[in-house]
Amino acid sequence: GSVLLDEVTKVYDPDGEHVVAVDDVDLRIDAGEFITVLGPSGCGKSTLMNCIAGFLEPTSGHVYVDGDRVEGPSERRGVVFQANRLLPWKTIEENVNLGPKMRGELVEGRASELLAEMGIEGTEDQYPTELSGGMQQRAEIARLLANDPDIMLMDEPFSALDALTKEIMQEMLLEIWEKDNRTVVFITHDVSEAIFLADRVVVMSAAPGEVKADIEVDIPRP
Ligand code: ADP
Ligand code: ADP
């Protein structure tokens, strides 16, 4: 999945206040690229990602995925947030199967395969709150992979994790990316995380949300 942002601006207007969250951003992401979007809190990273996800409509400009205009969310674009969206009243297996079940594409054993791939085999019958934060994020990524997305949109997915867990998750994510060559857009305010993970770092400036730099990272991965 390739992504093209064409002069994307997003203005919020709470109570007549005019907040320019994303200001005239042009950005092209090739299929299979792993990019990070780096910038301080409040610079418009989440807003930008929500426009790519189709959760938000730009105030002006357009987002295209594989040449088609984005007009709403799609499971082809999977999203992971810092706080996971696992349904607490459903088991891990039921959570992972939500998308496939809705589409009538449930494959017996697929959830277990994905959980094993994420290193949390055996958690099928547990409930999200029974797992540690790191394990919940693993389950969340398994749920995303169950929808076989072309594009993974990740909004500070590891920011709430301790340093060691974070490192393990970063390496796991790189393995997933290298295996299936999905496009990854990864948001972070952490400079070292941005550089460690990505081929390319897009740096956003604080208000208004403009792209300040677009840097190729030329450091071999471990
Ligand atoms: P980041 O992800 O970089 O922290 P956000 O995209 O969340 O940045 O926010 C960018 C700016 O838009 C901030 O000033 C924030 O306060 C504002 N903002 C975000 N969401 C809303 C909203 N729903 N209504 C009004 N202002 C918002
Ligand atoms: P946190 O994200 O809360 O810091 P971690 O994901 O780092 O927690 O968990 C540390 C380790 O503890 C995990 O790798 C896992 O082996 C173990 N663990 C934590 N919670 C559970 C659980 N509910 N069941 C089994 N093992 C667990």
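The values are calculated or read from the model by the stated rules, or taken from the named source; none is laboratory data. On a predicted model such as this, the values are computed, not experimentally measured, just so you know. Cβ atoms come from the backbone with ideal geometry, glycine included; neighbour counts cover every protein chain shown. What goes into the accessible areas is simple: the full protein's heavy atoms, side chains included, and nothing from ligands, DNA or RNA. Shrake-Rupley method; radii C 1.70, N 1.55, O 1.52, S 1.80 Å.
Within the range 125-136, is even one residue at pLDDT 90 or above, buried (at least 18 other Cβ atoms within 10 Å of the Cβ) and closer than 18 Å to Gly78 by Cα?
yes
Might you let me know whether the range 102-116 holds any residue that is away from ligand 1 (no atom under 16 Å from the Cβ), in a loop (DSSP other than H, G, I, E, B) and under 23 Å from Thr36 (Cβ atoms)?
Within the range 102-116, not a single residue is away from ligand 1 (no atom under 16 Å from the Cβ), in a loop (DSSP other than H, G, I, E, B) and under 23 Å from Thr36 (Cβ atoms).
Please work out which residue is nearest to ligand 2 (Cβ to nearest atom), limiting yourself to the range 113-134 and to residues that are over 15 Å from Leu87 (Cβ atoms) and of a type in the set (A, V, I, L, M, F, W, C).
Within the range 113-134, the match that is nearest to ligand 2 (Cβ to nearest atom) is Ile120.
Mind listing whichever residues of the range 138-163 are more than 13 Å from Val79 (Cβ to Cβ) and either open to solvent by less than 30 Å² (accessible area, probe 1.4 Å) or near ligand 2 (Cβ under 9 Å from one of its atoms) (or both)?
Within the range 138-163, Arg138, Ala139, Ala142, Ala146, Phe158, Ala160, Leu161, Asp162 qualify.
Where residues in the range 88-114 are more than 10 Å from Arg143 (Cβ to Cβ) and among the aliphatic types (A, V, I, L, M), which of them is surrounded by the most Cβ atoms within 10 Å (Cβ to Cβ)?
Leu106
Pairs, please: C-beta under 7 Å, at least 6 apart or cross-chain, first residue more than 9 Å from Ala206 (Cβ to Cβ) and in the range 30-44, second charged (D, E, K, R) and assigned to a strand (DSSP E or B)?
Glu33/Arg200; Ile35/Arg200
For the range 1-91, give me every one of the strands (runs of 3 or more DSSP E) that falls completely inside it and has 1 or more residues that are of a type in the set (D, E, K, R) and within 10 Å of ligand 1 (Cβ to nearest atom). Give the steps one after another, and end with the answer.
Numbers: elements: 3-12, 19-29, 34-38, 60-65, 77-80.
Answer list for the range 1-91: 3-12.
Please determine, by comparing only the residues of the range 164-221 that are among the β-branched types (Val, Ile, Thr) and within 16 Å of ligand 2 (Cβ to nearest atom), which one is surrounded by the fewest Cβ atoms within 10 Å (Cβ to Cβ).
Ile168
Spot the failing condition for Pro157; the list is (1) at pLDDT below 95; (2) closer than 30 Å to Asp68 by Cα, and only one is missed.
(1)
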